[in-house]
Each structure stands twice: as structure tokens, then as C-alpha cells.
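Peer 1: Handing you a structure now.
The values are calculated or read from the model by the stated rules, or taken from the named source; none is laboratory data. Quantities reported herein were computed from a predicted structural model and do not represent experimental measurements. Here the Cβ positions follow ideal geometry from the backbone for every residue, glycine too, while neighbour counts run over all protein chains shown. The area values use the complete protein model at the heavy-atom level, side chains included, leaving out ligands, DNA and RNA. Shrake-Rupley method; radii C 1.70, N 1.55, O 1.52, S 1.80 Å.
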Amino acid sequence: MAVLKLKQKGMSTSMKPVRNLVVTMKWTTAADFDLSAVYKTKWGEFGIAYFGDLGSLNTFPYIELSGDEGIGDTGGDNEEVLRIAKLDDMDYVWIMCWDYTMVQKGRPARFKDSDIMLIVEDDEGMRYEIPLDTGNFGNVAVIATIDNTSGTPMLINESKVGTLKGLHDLAQLLDVIGVEYK
């Protein structure tokens, strides 16, 4: 299996056009990190797969989250897995995580002290490793973007953070991403 590392914020690479991706977020930090995917379809719809709506590989949006690891303040070998079965329906997929406890409190998470790593694997055996590369404070992070607007997907290490006090709607996450919700 070939491995490409996007070690720093801003690094990007083109991917082969693929249908299926497996995105694994791994960390050992003692924090309740949650993986999610915010997406924009080819026809302009926005949506999210997260612990409250795990999605499905058999129905739209063909994105499914494995579940909520629910770690809290115990460290260890933690992971959450997201599968994308129809990337060709998407213009963008933003792979995000948040520290649920800190979002509820409106306080910064321990991203700087964490070891969050995204591993993106395509259906042809290519593996991309993307660490969260930020020293900024916040409790929500956009780790990576898949830009599929040109027909050749681009994978980008975003490593962008924001701070929320409670998570009430998708518009809040789009604001962290820097996209206007229409």
C-alpha cells in the first residue's frame, strides 16, 4: 500500500477519481473527540454525518460514521471510522472533529497537545495520512477537505480551528469552515 503524508497545514495532493473512501481518525489524547463529515453535494445541498446522525452507505448521502467512541478523559488507542460510498455526488467533504465536552462549555480543546491523525484510504489501496497541524485554540477543527469540484478530487490538510459554545446547527460548522450556508 502506497502512503502519502500531508504533514503540514496547506499541503494538498490530487487523488485518483474513486467512489469509496475510508477515513479513520486516530488519537491517544485523553479527550472526547468526535469525527464528522460536513458535505456539499453537486446540486448545492449541505449536510452532516456525525454521532447524532450516523448516515448510511445504502441511502443518501452514502456516508456512514462508525459511531461515537465516547472516550471522555481516558487516553488510549482511540479511533472513529467514516466511510464514503459515493464521492462522485459531492463537491466538497470537510472532515472535522470536535471535543464535545469543550464545545458544550465553550472552552478551547486540547488540539495543540493532541495527536489526532486522519488516515484516508481509497478503494485502490492508496493511503493518505493527515495530522491535525495547529497551535491555535478552539474546540472544533476542520482537519481535511476533499475538493471534488473539478472531477479530480483534491485532498487538503486544512488544520483550521474555531470555537463554539454549544452545537445547535449546521450553519455554525459551516462558519468555522468558512462557507456561507444558503
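Peer 1: Considering only segment 12-23, I want to know if a residue exists there that is open to solvent by less than 80 Å² (accessible area, probe 1.4 Å), touching a Phe, Trp or Tyr at 6+ places or on another chain (Cβ under 9 Å) and closer than 17 Å to Ala141 by Cβ.
Peer 2: Scanning segment 12-23 turns up no residue that is open to solvent by less than 80 Å² (accessible area, probe 1.4 Å), touching a Phe, Trp or Tyr at 6+ places or on another chain (Cβ under 9 Å) and closer than 17 Å to Ala141 by Cβ.
Peer 1: Moving on to the next point. Output the residue which, of all residues in segment 24-63 that are of a type in the set (Asp, Glu) and part of a loop (DSSP other than H, G, I, E, B), is nearest to Asn139 (Cα to Cα). Don't jump to the end; show me each part of the working.
Peer 2: Taking segment 24-63 first, the residues of a type in the set (Asp, Glu) are 32, 34, 45, 53.
Going one step further and asking which of them are part of a loop (DSSP other than H, G, I, E, B), we end up with 32, 45.
Values: Asp32: 11, Glu45: 25 Å.
By that ranking, first place goes to Asp32.
Peer 1: Could you give every pair whose Cβ atoms fall below 6 Å, whose first residue belongs to segment 35-61 and is among the aromatic types (Phe, Trp, Tyr), and whose second residue is open to solvent by 40 Å² or more (accessible area, probe 1.4 Å) and not in a strand (DSSP E or B), counting only separations of at least 6 or pairs across chains?
Peer 2: So the pair list comes out as Phe51/Asp68.
Peer 1: Report, by residue number, each residue of segment 51-70 that is within 24 Å of Met117 (Cβ to Cβ), modelled with pLDDT of 85 or more and open to solvent by less than 60 Å² (accessible area, probe 1.4 Å).
Peer 2: Gly55, Leu57, Ile63, Leu65
Peer 1: Restricting attention to segment 125-162, report how many residues are outside any loop (DSSP other than H, G, I, E, B), among the aliphatic types (A, V, I, L, M) and within 20 Å of Leu65 (Cα to Cα).
Peer 2: Counting residues in segment 125-162 that are outside any loop (DSSP other than H, G, I, E, B), among the aliphatic types (A, V, I, L, M) and within 20 Å of Leu65 (Cα to Cα) gives 8.
Peer 1: Of (1) under 17 Å from Asp133 (Cα atoms); (2) in contact (Cβ under 8 Å) with a residue 60 or more places away in the chain; (3) open to solvent by 40 Å² or more (accessible area, probe 1.4 Å), Lys86 satisfies all except one. Which?
Peer 2: The one condition Lys86 does not meet is (1).
Peer 1: Just a yes or no: is a residue in segment 71-81 under 14 Å from the mean Cα position of the chain (by Cα), open to solvent by 20 Å² or more (accessible area, probe 1.4 Å) and of a type in the set (A, V, I, L, M, F, W, C)?
Peer 2: The answer is yes; a qualifying residue exists.
Peer 1: Any residue at all in segment 105-124 that's under 16 Å from Met25 (Cα atoms), open to solvent by 20 Å² or more (accessible area, probe 1.4 Å), outside any helix (DSSP H, G or I) and of a type in the set (A, V, I, L, M)?
Peer 2: Checking segment 105-124: at least one residue is under 16 Å from Met25 (Cα atoms), open to solvent by 20 Å² or more (accessible area, probe 1.4 Å), outside any helix (DSSP H, G or I) and of a type in the set (A, V, I, L, M).
Peer 1: Working only within segment 24-50, note down all residues that are basic (Lys, Arg) and either over 17 Å from the mean Cα position of the chain (by Cα) or open to solvent by less than 20 Å² (accessible area, probe 1.4 Å) (or both).
Peer 2: Within segment 24-50, the first condition is being basic (Lys, Arg), and the residues that meet it are 26, 40, 42.
Residue satisfying the conditions is Lys42 alone.
Peer 1: Just checking, does segment 166-176 include any residue being within 27 Å of Val3 (Cβ to Cβ), in contact with a strand residue (DSSP E or B) (Cβ under 8 Å, 6 or more places away or on another chain), at pLDDT 90 or above and buried (at least 18 other Cβ atoms within 10 Å of the Cβ)?
Peer 2: The answer is no; no qualifying residue exists.
Peer 1: Output the residue which, of all residues in segment 142-163 that are among the aliphatic types (A, V, I, L, M) and out of contact with any Lys or Arg (no Cβ under 7 Å at 6 or more places or on another chain), is nearest to Thr28 (Cα to Cα).
Peer 2: First pass over segment 142-163, keeping only residues among the aliphatic types (A, V, I, L, M): 142-144, 146, 154-156, 161.
Keeping just the survivors that are out of contact with any Lys or Arg (no Cβ under 7 Å at 6 or more places or on another chain) gives 143-144, 146, 154-156, 161.
Working: Ile143: 17, Ala144: 19, Ile146: 25, Met154: 28, Leu155: 24, Ile156: 23, Val161: 19 Å.
Out of the qualifying residues, it is Ile143.
Peer 1: In this structure, is Asp123 more than 14 Å from the chain's Cα centre (by Cα) and more than 14 Å from Lys40 (Cβ to Cβ)?
Peer 2: yes
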